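Everything below concerns the one structure shown next.
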Amino acid sequence: MNAASEPKFTRRRFNALLATGAVALAGAPYVHAAAPKVVVVGGGFGGSTAARYLKRFDPGIDVALVVAERNFVTCPFSNTVIGGLNSIDHITHGFEALGREGIRVVHSVASAVDPKARKVHLRDGAALPFDRAIVSPGIGFRWDDMEGYGPEVSTRIPHAWKAGEQTLLLRRQLEAMPDGGVFIISPPVNPFRCPPGPGERISLVAHYFRQHKPRAKILVLDPKQKFSKQALFEEGWAKLYPGMIEYRGLADDGVVRRVDAKAMTLHTDFGEERGDVINLIPPQRAGDLAAASRLTDETGWCPVEQLTFESTRAPGVHVIGDAAIAAPMPKSGFAASTQAKVVAASVSELLRDRAPVEPKLVNTCYSLVAPDYGITVAMVYGYRDGKIVEIDGSGGLSPLGATEQVRRLEADYADGWYRSISSDIWG
């Protein structure tokens, strides 16, 4: 693709691929004589998609969706709230549409999944029996990896990597920051949720500063040698925000060793940096439910058999989304959603004692460098020799040096993607 051409993955092509995948997996509805039970845990891109498509693929299945929240706030597009482009309502979704499709939505906290008893235990003492379970527990934080940082400190130095109150807290802090102040952001080591997310956050905070606090500075302390879409982000920063962003990586003393919340200071190997607002995103692992249910290995993530995403540690339990070890797929909202559709199709087949579907997976990740400046990475995945693999010649990355028209189109596609996938999942 040359700089003057449109991106390979247009919104029309994306929606066509998504629709085609859903139809191909669905097959003909099947009604069981005795309704099998599937409990899905997690109301995000993975869990809600799995529940909805499982019921569509096989209306005879008794599907229960366990979600702690009355509404789900998405991490995708939360950076637009932090940057002042959208309100929190724009990324907040309810579960009413899923209930109307015959899914039992149980608003409770799942405390453990018991594969031997085939039950999901709830914090209130109740238990939901299942024939198979689909778990999308999201992420947890490795608080112990960062001296001086923990849940109590995140009320002063937010991570904003779980959307909701943390998103609003960081937004309020940026609004209160003086013009000429310093915003420090420190992303985590790999693997973590949404690898391009920090780059987008830096960009949209810079956009806000350019409009309202033009003397403000952004310091990035990154413990990695490189980050997702780095060349594309840096091209955009140089064009739109010259002189505002200083990026320091692994070779430039970018590793934060200690946090002093009282002094609003981050300590590195060779110095210390004080910020008026600090956004520290901790290293990550699978969510608490995964660890409590012994679904994780020594990495802190959940190993799965990549044909069906069935846990290698708990037969009958399928783990999808950020918590699953699904490399080379990234940990993203769209990856979780496409995994959920494949798993929903496989579970509906397994419950009929039929062979599961062979996975066909796709991920598209849009990032905004400004409201009218978008960049994209996409990939299509197949299954070979027991593993998920990238399909040669598929996918693509936005070109460097693209025209303003191309960047505007990709920003428009990003907005269309979010609206489309949100409607597909939550109605």
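Things worth noting here:
- Label separation (L397 vs Q211): 3.0 nm, computed from points 7 Å beyond Cα along the C-beta direction.
- Converting phi to 3J(HN,Hα) with the Karplus coefficients 6.51, -1.76 and 1.60 and the offset θ = phi - 60°, segment 337-352 yields 5, 5, 4, 4, 5, 4, 5, 4, 5, 5, 5, 4, 6, 4, 5, 9 Hz in sequence order, with x at every glycine or proline.
- Straight-distance crosslink candidates among aspartates and glutamates, where the alpha carbon sits under 14 Å from K226 and sequence neighbours closer than 8 are dropped: E234, D252, D253
- Extension gain, V109 back to R274 (0.36 nm per residue minus Cα-Cα distance, nm): 55.6 nm
- Separation between Cα centres of segment 42-70 and segment 387-427, rounded to whole Å: 25
- Among (i) 39; (ii) 36; (iii) 33, the entry derived from the coordinates for percent of Cα pairs over 32 Å apart: (ii)
- Diffusion constant of segment 293-351 at 25 °C, which comes from Stokes-Einstein with the Kirkwood Cα-pair radius and 0.890 mPa s, µm²/s: 214
- Given R0 = 22 Å, the distance between the Cβ atoms of D145 and K226 translates into a calculated FRET efficiency of 0.60.
- Whole-Å semi-axes of the ellipsoid equivalent to segment 226-284 (Cα gyration tensor, √5λ, descending): 24, 14, 11
- Dipole magnitude of segment 143-280, debye to nearest 20 (Cβ charges: Lys/Arg +1, Asp/Glu -1, about Cα centre): 460
- Its Cα gyration tensor gives segment 245-367 an equivalent ellipsoid; the semi-axes, largest first and in whole Å, are 39, 17, 11.
- Based on the Kirkwood approach, the hydrodynamic radius assigned to segment 143-280 is 15.1 Å, with every pair of different Cα atoms included.
- FRET efficiency for A34 and R123, using Cβ-Cβ distance with R0 set to 41 Å, rounded to 0.05: 0.90
- Taking amide H atoms as placed 1.01 Å from N in the peptide plane, the amide H of N279 lies under 5 Å from those of I184, I185, S186, each 5 or more residues away in sequence or on another chain.
- Note on E152 and E69: the extension gain reaches 27.8 nm, defined as 0.36 nm multiplied by sequence separation minus the Cα-Cα distance.
- Placed amide H near H318: partners under 5 Å, 5+ positions off or other chain: A133, I134, V135, S311
- Potential extension, D89-E165 segment - 0.36 nm per residue separation minus Cα distance: 26.1 nm
- For S111, distant residues with modelled amide H under 5 Å away: H121, L122, R123
- Unit charges on C-beta of K, R, D, E only; dipole of the chain, Debye: 680
- Here each label is just a point 7 Å from Cα along the line to Cβ, and for R354 and R294 those points are 3.4 nm apart.
- Treating each Cα of segment 310-391 as one equal point scatterer and applying the Debye formula with no solvent, the log10 of I(q)/I(0) at q = 0.11 Å⁻¹ comes out as -0.34.
All of the numbers you see were taken from the coordinates with simple rules; none came from a lab. Quantities reported herein were computed from a predicted structural model and do not represent experimental measurements. All Cβ positions, even for glycine, are placed from backbone atoms using ideal geometry, and neighbour counts span all protein chains on display.
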